[in-house]
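Taken together, the values in this text are just the output of simple stated rules run on the coordinates, not laboratory data. A quick note: this is a predicted structure, and the numbers were derived from the prediction, not measured. Neighbour counts are summed over all protein chains in view; Cβ atoms, including those assigned to glycine, are modelled from backbone coordinates with ideal geometry.
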Amino acid sequence: MASLILTLVGPDRPGLVREVSERVAQRGGSWLESRMARLAGQFAGIVRVELPDAETAALAAALGELEPAGYRVVVQSAAAEAPAGPSRSLQLDVIGQDHPGIVRAITGVLTARAINIEELTTNVASGSFSGETLFQAQARLRVPEAVELAGLQRDLERLSDELMVEIRVNDQPGR
């Protein structure tokens with residue numbers, strides 16, 4: 001069996017996910033996991049599928065049929081995951097008045113400690129009372145066991161003050 005990662009970006013419309021899932025199923029494939037979103041009228045999706053080795057080229061060709069309609073499709077082999085060292089999962093939440101550089105600053109602190117972002121969701125919304133634009137982010141982090149959590153918390157608190165945003169980090173039990 002082949003494990004593939006499919007990425008698809010293009011104009012959002014009803015039925016698109018069904019078309020992709022039908023192409024996978026027609027080749028004996030299994031839809032294992034995915035993340036999809038509509039951003040500024042565009043569909044962006046990433047999917048991990050598994051299918052018989054002999055069907056990978058046929059699936060790539062079938063998905064390529066979407067390209068004339070404005071979709072960019074990439075099909076690549078899913079690399080076997082390297083066993084991770086001891087780590088823990090944390091949830092990071094950020095909220096505050098939107099301004100440039102928030103993601104860059106936070107990811108700088110995380111990268112300095114070799115913390116991996118496993119999932120990140122961000123958005124902006126109008127503040128309910130002030131009408132100002134609020135930035136919100138939620139991230140699932142994979143933190144190496146060797147990282148001193150008190151030091152990470154201190155750096156994030158300092159950054160929170162500098163950026164004038166609220167940053168919370170919580171354990172994700174069972175992960």
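Descriptive notes on the structure:
- In loop segments of the stretch 1-76 as defined by DSSP, the GluC sites (Glu not before Pro) with at most 14 further C-beta atoms inside 10 Å of their C-beta are GLU65.
- Inter-label distance for MET36 and ALA2, nm, one decimal - labels placed 7 Å from Cα along Cα-to-Cβ: 2.2 nm
- The chain: translational diffusion in µm²/s, Stokes-Einstein, Kirkwood Rh over Cα pairs, 25 °C, 0.890 mPa s: 130 µm²/s
- Relative to one another, the C-alpha centroids of the stretch 114-129 and the stretch 14-68 are positioned 26 Å apart.
- Convex hull (Cα only) mean projected area of the stretch 2-77, reported in nm² to one decimal: 4.3 nm²
- Whole-angstrom Cα spans of the stretch 87-171 along principal axes, big to small: 42, 23, 19
- The length gained by stretching the chain between LEU134 and THR107 to full extension, at 0.36 nm per residue less their Cα-Cα distance, is 7.8 nm.
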